[in-house]
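What follows is a set of notes on a single structure, which appears directly below.
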Amino acid sequence: MNRFLVVFAVLVLAALNAAGWWWFNRPVPVELSFNEPFPSVSFAPFRRGQGPITKIYPTSDQIAEDMKSLVGVARGVRTYTAREGLDVVPVLGRKYGIEVTHSAWLGQKTAINDAEVEALIKAANAYPDVIKRVIVGNEVLLRQDLPPEQLIAYIRKVKAAVKQPVSYADVWAFWLKYPEVAKEVDFLTIHILPYWEDEPIGVDGAAKHIVAIYQRMAKEFGKPILIGEAGWPTRGRSRGPAVADMENAARFVRTLALVSKENGFDYNVVEAFDQPWKAFLEGTVGAKWGVVDENRRVKYAMSGPVEPSPDWPRHAAAAVLVGSALAFALMWRRSDRYGLKGGLLVLVLAQLAGLFITWQAVNALAMAYDGLEDAWAWARIALHAALSVTLAWAASLQFRREPGEVNWPWAEKLMPIYGFAAIVVGATLLVHGRYRDIPPIEFLTPCIGLTLYALGRMAVQGKAWDEAFAIGRLFGGDGFAMARRFVIGLGLSALAAPLSEAWALSRGDDFITSHPLWSDRIPLLVRALWENQEMVVWAAMVVVMILPFWAEARLQSRRAAR
């Protein structure tokens, strides 16, 4: 394979790499359009490294900057606490002409609850021109932080002390479970989040769901209603048909605005800004509900096409540069040692390495929400890069006309690490998968890259499939003793992935209430096994990862039989 052909092949593969980034990130038409300010948006302006867990709160200047940025975007904001620095919100609301729905955060600690309620009362009485309504507690019953009678006592205390209408905020289903709370409030603040329903609802069914829930609650309680939270995440794991991405988020928020205007609904979009700290509690998806990201960049407009990833040109450039540099480093001086088949396979593996390293790095860093998570992300990036480069490097030695020797005991340890990680992922998804990220992007190289490498060993070196794939002989090793155990573990992990969706659905209180008969539940549980396409892809990747361990087990059995 001469140098001219190497250069030509690298350029073609680089172009395909860049074209792939463009194709999957090209603007997506969204026919819905709504160009009016939101009535209200959730306002919790935490930046990276800030949050109630670390007790590091936004400064007054940061809060002022964020409030100012909402002028023309929203007519009002909804807070979740009257303390923690947000006591300045009413002043800023008056300055910028933004109405405030102010709140007291209630939890398990009485002293904090008392302080929140007192701060709320003080603010409501001091700024009646800005604070138009107040909310006492958010999802307290959902979290089971307080019994309803204690919650009611706080509501009554606030009602007796302020002139504004008073409410409590929770998921719509919890108003039905605790109707006694509805008797105490002036208006109901209900959360309608199709993504988080026990039976997740895709964005296409969102409009019908919003209208049905609103009408049901209005008929049940006969009081004014504020849709206190309605939104869609832009990144994170899928839940059944509910896919978290930029297109669906834009489509949902535009749908919410249009449906609410058509039906006269009062609503609040959750939320103004991404809150990185929430990833600690809810995984990546919990941190990605904002219409503005943590760097204060607007994610999507309310009309026109939606860009899945505006930064894709930089990512594409990085992928192409890494892949091309690796290709030239491996083959430029030794191009004459390769036949066409072997040389092309090395170049493909090198370009895939650039693609997979970049894709995984972008994903891992987007998931990180503080310094410790950054370190963990870089550790995973380093491992993924090490395996990607090792596969391409080993191929550059083995796929020559006269194969070079590969004897790297250290490299033989890389794939078992990923095998063990896949087994752990399967267990965590099954036991508590609601907030667990589904990790296909983290396993691109050990699944796709390794498979291509092994197929190359078959095609170029003429190895039998089990010799080519065997986990303990990929880089000159002499076996992996735990291969059979990993086959079993990975097999169970592959089964656990789709089962986790059905298992989570079967335990939902609302699901059980809505479908009391098993004859109704079973078809829905069966559908849940395959409805989440991201989970199906992950299960398929785990099955592919079984092959190297199965091949090793076959070789061991053959050796033992001799």
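The values are calculated or read from the model by the stated rules, or taken from the named source; none is laboratory data. All values derive from a computational prediction rather than experimental measurement. With ideal geometry, Cβ positions are generated from the backbone for all residues, glycine too; neighbour counts draw on all protein chains shown.
Going by what's in this entry, would Trp550 be described as more than 30 Å from Phe399 (Cβ to Cβ) and touching a helix residue (DSSP H, G or I) at 6+ places or on another chain (Cβ under 9 Å)?
No: the conditions fail for Trp550.
Determine the pairs where a residue that is without any contact (Cβ under 8 Å) to a residue 40 or more places away in the chain, located within segment 394-409, has a partner that is in a helix (DSSP H, G or I) with Cβ atoms under 8 Å apart, the partner being 6 or more residues away or on another chain.
So the pair list comes out as Gly404/Leu397; Gly404/Gln398.
Give the residue that is surrounded by the most Cβ atoms within 10 Å (Cβ to Cβ), with candidates limited to residues of segment 31-55 that are among the aromatic types (Phe, Trp, Tyr) and assigned to a loop (DSSP other than H, G, I, E, B).
Phe43
With the structure loaded, tell me whether Ser396 is among the polar types (S, T, N, Q), in contact with a Ser or Thr (Cβ under 6 Å, 6 or more places away or on another chain) and either under 20 Å from Gln461 (Cβ atoms) or at pLDDT 95 or above (or both) or whether it fails that test.
no
Which one is nearest to Ala279 (Cα to Cα) among residues in segment 77-108 that are surrounded by fewer than 21 Cβ atoms within 10 Å (Cβ to Cβ) and of a type in the set (Gly, Ala, Ser)?
Gly107
When you scan segment 343-355, do you find a residue that is in a loop (DSSP other than H, G, I, E, B), surrounded by 21 or more Cβ atoms within 10 Å (Cβ to Cβ) and either without any contact (Cβ under 8 Å) to a residue 12 or more places away in the chain or in contact with a helix residue (DSSP H, G or I) (Cβ under 8 Å, 6 or more places away or on another chain) (or both), even just one?
No, every residue in segment 343-355 fails to be in a loop (DSSP other than H, G, I, E, B), surrounded by 21 or more Cβ atoms within 10 Å (Cβ to Cβ) and either without any contact (Cβ under 8 Å) to a residue 12 or more places away in the chain or in contact with a helix residue (DSSP H, G or I) (Cβ under 8 Å, 6 or more places away or on another chain) (or both).
If you take the residues in segment 513-555 that are without any contact (Cβ under 8 Å) to a residue 40 or more places away in the chain and of a type in the set (Lys, Arg), which one is farthest from Val424 (Cα to Cα)?
Taking the candidates together, the pick is Arg521.
What pairs can you find where one residue is in segment 475-486 and more than 15 Å from Met545 (Cβ to Cβ), the other is part of a loop (DSSP other than H, G, I, E, B) and among the polar types (S, T, N, Q), and their Cβ atoms are less than 7 Å apart, with a gap of 6+ or different chains?
Short answer, once both residue conditions are applied: Gly476/Asn407.
Among the residues of segment 477-505, write down those that are small (Gly, Ala, Ser) and surrounded by fewer than 16 Cβ atoms within 10 Å (Cβ to Cβ).
Gly479, Ala481
Name every residue in segment 137-147 that is touching a residue at least 40 places away in the same chain (Cβ under 8 Å) and either in contact with an Asp or Glu (Cβ under 7 Å, 6 or more places away or on another chain) or under 21 Å from Ile227 (Cα atoms) (or both), in order of residue number.
Within segment 137-147, Asn138, Glu139, Leu141 qualify.
Taking Ser396 and the conditions (1) under 30 Å from Gln50 (Cα atoms); (2) over 16 Å from the mean Cα position of the chain (by Cα), which numbered condition does it fall short on, given that it satisfies the others?
So the condition that Ser396 fails would be (1).
Among the numbered criteria (1) farther than 24 Å from Ala366 by Cβ; (2) in contact with a Phe, Trp or Tyr (Cβ under 6 Å, 6 or more places away or on another chain), which single criterion is violated by Phe252?
Condition (1) is where Phe252 drops out.
Out of Ala459, Ala421, Ala454, which single residue is small (Gly, Ala, Ser), within 25 Å of Ala540 (Cα to Cα) and free of Cβ contacts under 8 Å to residues at least 24 places away in the same chain?
Of Ala459, Ala421, Ala454, the one residue that is small (Gly, Ala, Ser), within 25 Å of Ala540 (Cα to Cα) and free of Cβ contacts under 8 Å to residues at least 24 places away in the same chain is Ala421.
May I ask you to verify whether Met1 is out of contact with any strand residue (DSSP E or B) (no Cβ under 6 Å at 6 or more places or on another chain), modelled with pLDDT of 95 or more and over 26 Å from Asp374 (Cα atoms)?
no
Which one of these does Pro308 not meet: (1) surrounded by fewer than 21 Cβ atoms within 10 Å (Cβ to Cβ); (2) not in a loop (DSSP other than H, G, I, E, B)?
Failing condition for Pro308: (2).
Can Asp510 be described as in a helix (DSSP H, G or I), free of Cβ contacts under 8 Å to residues at least 24 places away in the same chain and acidic (Asp, Glu)?
Judged against the criteria, Asp510 is not a match.
Which of the helices (runs of 4 or more DSSP H) contained wholly in segment 176-291 include at least 1 residues that are more than 18 Å from the chain's Cα centre (by Cα)?
The helices (runs of 4 or more DSSP H) meeting that bar are 179-182, 206-221, 246-263.
Kindly provide the set of residues from segment 106-122 that are farther than 17 Å from Pro165 by Cα and not acidic (Asp, Glu), ordered by number.
Matches in segment 106-122: Leu106, Gly107, Gln108, Lys109, Thr110, Ala111, Ile112, Asn113, Ala115.
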